[in-house]
1. Among the residues of region 120-169, write down those that are in contact (Cβ under 8 Å) with a residue 60 or more places away in the chain, among the aliphatic types (A, V, I, L, M), touching a strand residue (DSSP E or B) at 6+ places or on another chain (Cβ under 6 Å) and more than 18 Å from T17 (Cβ to Cβ).
2. Take region 47-101 and flag every residue that is within 14 Å of L31 (Cβ to Cβ) and part of a loop (DSSP other than H, G, I, E, B).
3. May I ask you to list pairs of residues, at least six apart or on different chains, whose Cβ atoms are under 7 Å apart, with the first in region 102-119 being assigned to a loop (DSSP other than H, G, I, E, B) and the second being of a type in the set (G, A, S) and buried (at least 17 other Cβ atoms within 10 Å of the Cβ)?
4. Looking at A79, A87, can you tell me which residue is of a type in the set (A, V, I, L, M, F, W, C) and touching a Gly at 6+ places or on another chain (Cβ under 7 Å)?
5. Determine which single condition A10 fails, assuming it passes every other condition in (1) among the aliphatic types (A, V, I, L, M); (2) modelled with pLDDT under 90; (3) loosely packed, with under 15 Cβ neighbours inside 10 Å.
6. Can you find a residue that is under 26 Å from G42 (Cα atoms), outside any loop (DSSP other than H, G, I, E, B) and among the polar types (S, T, N, Q) anywhere in region 121-138?
7. If you scan region 20-46, which residues turn out to be part of a helix (DSSP H, G or I), out of contact with any Phe, Trp or Tyr (no Cβ under 6 Å at 6 or more places or on another chain), aromatic (F, W, Y) and surrounded by 15 or more Cβ atoms within 10 Å (Cβ to Cβ)?
8. What number of residues within region 1-18 are part of a helix (DSSP H, G or I), touching a residue at least 12 places away in the same chain (Cβ under 8 Å) and not β-branched (V, I, T)?
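The values are calculated or read from the model by the stated rules, or taken from the named source; none is laboratory data. No experiment lies behind these values; they were computed from the predicted model shown. In this analysis, Cβ positions are derived from the backbone assuming ideal geometry, glycine residues included, and neighbour counts consider all displayed protein chains.
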Amino acid sequence: MKSLLYPLYAIVAFLVTIVAYLLTPLIALALQPDGYLPKWLGWFQTPDAPATGAAFWKAKNPTYSTYKLCVTWLWRNPAQGFDQITAANISYDTPVKVYGDLNINDQIGKGGWFLLVGGGVFQFAAVIPVGSSHTLDIGAGWRLDPIAKHYETPTLGALIATPLRLHTI
């Protein structure tokens, strides 16, 4: 069961995340004209959006330069390419048990938690509202919520090792 290896994966992911936070200002200098990083920097690239961020990121930060969009997006989503390397081998037809509230949302500040279990792995997520403009987010396990919420994403099964993240609404 892959879940038993989670502490090891989480420690390595944490170390890679620290490296990502430290090197992101340099990594962003390698940004290509198409908005993506070169393949050799794939560990630091988000698999589902350009390195300059998803459309909502650009809309939320219209005054940011391309470089600043890249740095802030990669800090918001550190080393997600690495998380894909350690992804669980699951598919959209993997049965998943749901505990808690799947409707928690750090984008709108809806607090709560959920635990998903299936395919020999788990996903835990919690959102804790802090005032009217921030949330504290906690994430652990492997990305199973696309199965439970019925949407497709290239991050299905990706490792999640986010002990605590402050998010602006």
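1. Of everything in region 120-169, just one residue is in contact (Cβ under 8 Å) with a residue 60 or more places away in the chain, among the aliphatic types (A, V, I, L, M), touching a strand residue (DSSP E or B) at 6+ places or on another chain (Cβ under 6 Å) and more than 18 Å from T17 (Cβ to Cβ), namely V121.
2. Matches in region 47-101: A49, P50, A51, T52, G53, Y64, S65.
3. If the second residue must be of a type in the set (G, A, S) and buried (at least 17 other Cβ atoms within 10 Å of the Cβ), the pairs left are I104/A125; G119/A88.
4. Answer to the selection: A87.
5. Of the numbered conditions (1) among the aliphatic types (A, V, I, L, M); (2) modelled with pLDDT under 90; (3) loosely packed, with under 15 Cβ neighbours inside 10 Å, the odd one out for A10 is (3).
6. Yes - at least one qualifying residue is present in region 121-138.
7. The answer is F44, and nothing else.
8. Count: 7.
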